[in-house]
Every structure is written in C-alpha cells, then in structure tokens.
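First comes the structure, then the notes that go with it.
Any read-out appearing in this document is the output of simple, stated calculations on the displayed coordinates, not a laboratory observation. This one's a predicted model, so the numbers in the text were calculated from it and none came from an experiment. Here the Cβ is made from the backbone with ideal geometry for all residues, glycine too, and neighbour counts use every protein chain on show.
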C-alpha cells in the first residue's frame, strides 16, 4: 500500500512539474507528428507537446487574434514570413521540410495517363485543398495550370479546407484527389499502392512546398518551446520527416 501511495505521489509531482507547449501545425504534418513528439519526449520527458492541427491560413488568422500558440509549423513560408514581419514571430522563418503532391484515387482508373486523366468525363469530382487556406491547394492549382488543363476541369473541384480534409474527400466523396504524399504513410493508407492508387505529381509543375517554422511571441520566455524548435531542426527530426515522404534541407 505504501509503495502504491509513493508511486502516485511521484506521478502527481511529475505531472505538476511538466511544462506544456502549444504547437500549431499544418494538417499535412499530422501523420508524422506522433513519432516526432515521441522522439522529443524521450529527450525532454518533462515537456508535454499539445498540437493544434489546421489549414495554415486558419492557424495564421488565429495567431493574429492572439491565440496562445508557442510555435507554428506551417505548410509554406508565406505565413511565417508575415508573422515575423508583424512581430508575432520572434525568429526568422526557416524551412524544416518540403512537401510533395500526389494524385490519389480509390477507383479503378488508369493513372498512367497522368493529369490528362482528369479530363475524362467519367471523373465528376476532383478533391483539392482550398488554395485560399492551404498551400497544398496553391501547389495543385499551379500544377494544373502548367499542365494546361486547369480551365477544362475546374468545375469538377471539391474543396477541402485543409489537406487532411481533402484526403477524406479524395477517398470518400470524389473520384480522385490531390493530397500530400505524407498522408500515404498513415496506417490506414498503407493498402493504397503506387501506380495502382496513386502517382507522384511532377515537382517541376509547382513551386517547392517549403514548410516553415517560427517561434511565436507567446513563447518569448519559454525554454521548453525553444527546445522543441531546436529539435525540429535537428538531424533526428529530419530523419523522421524523410521517413514520411518529405524532402529536408
């Protein structure tokens, strides 16, 4: 009984000493974040990482309205740069990873046709991330315009407010969709095979999806937030990100 009470006291003291940080992160990172936070926790067991997932544009708006976030892991560099210029971020934006686009369908389609497949009249709905709120949506529009098919197929678009919502639409609502390659590494996606269910989009068709990290003003005096910031730029974090389909600098 005494041992049990002692263990409970130790657990209580540990929980009281634990420091929480809030990390706002782009939806495309949601699949890689668990192993990232687990690796970080091994290095810093007293720091708890709370993650807030969403489209980068929406997270940016929340930060502008003084949401108490400590870091932003963005899906692009535009919003981190704006936050730095406005004084809402206290570090210059740094690229921590580069995302990639893939075309995914759960239907029996001839993906060897590439983007020309999207002109097929049997394809009624194409899921894409909303370019107003999600950088992966901007990249999708760029790819379609460079392939000279945007005007032909834009009436088929079904917009997701984040890349994770777009994945749901691509697999459940639409005939085909543009998603982040990192999503393919989620356990539920392992049944989808390259060439049969998905193909890479030529990276020459869209600007590099540079994903930026910044420490926010809310974390100005937080050693814990600084520790997570440093971890995300470490070789260990980059190795994890590479295993989820990202390119890393």
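Summary table
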quantity: Modelled FRET efficiency - R0 45 Å, residue 205 with residue 20, Cβ distances, 0.05 increments; calculated: 0.65
quantity: Over the chain, volume per residue of the alpha carbon convex hull, in Å³; calculated: 142 Å³
quantity: Fewest-first ranking of 83, 43, using other Cβ atoms within 10 Å as the exposure measure; calculated: 43, 83
quantity: Packing-based order for 180-186, 221-227, using average beta carbon neighbours within 10 Å, highest first; calculated: 180-186, 221-227
quantity: Cβ-Cβ FRET estimate between residue 124 and residue 186, R0 fixed at 22 Å, reported to 0.05; calculated: 0.25
quantity: Estimated FRET transfer efficiency when R0 is 30 angstrom, pair residue 62-residue 112 (beta carbons, to 0.05); calculated: 0.10
quantity: For the stretch 100-205: rounded, prolate or oblate by the Cα gyration tensor [a/c cutoff 1.5]; calculated: rounded
quantity: Value in Å of the Kirkwood radius, where the stretch 143-241 supplies the Cα pairs that are averaged; calculated: 16.7 Å
quantity: Extension gain, residue 155 back to residue 44 (0.36 nm per residue minus Cα-Cα distance, nm); calculated: 35.0 nm
quantity: Rh (Kirkwood; distinct C-alpha pairs) - the stretch 39-115, Å; calculated: 15.6 Å
quantity: Helical contribution to [θ] at 222 nm, DSSP H n ≥ 4, -39,500 (n - 2.57), averaged over the chain, rounded to 500; calculated: -11000 deg cm²/dmol
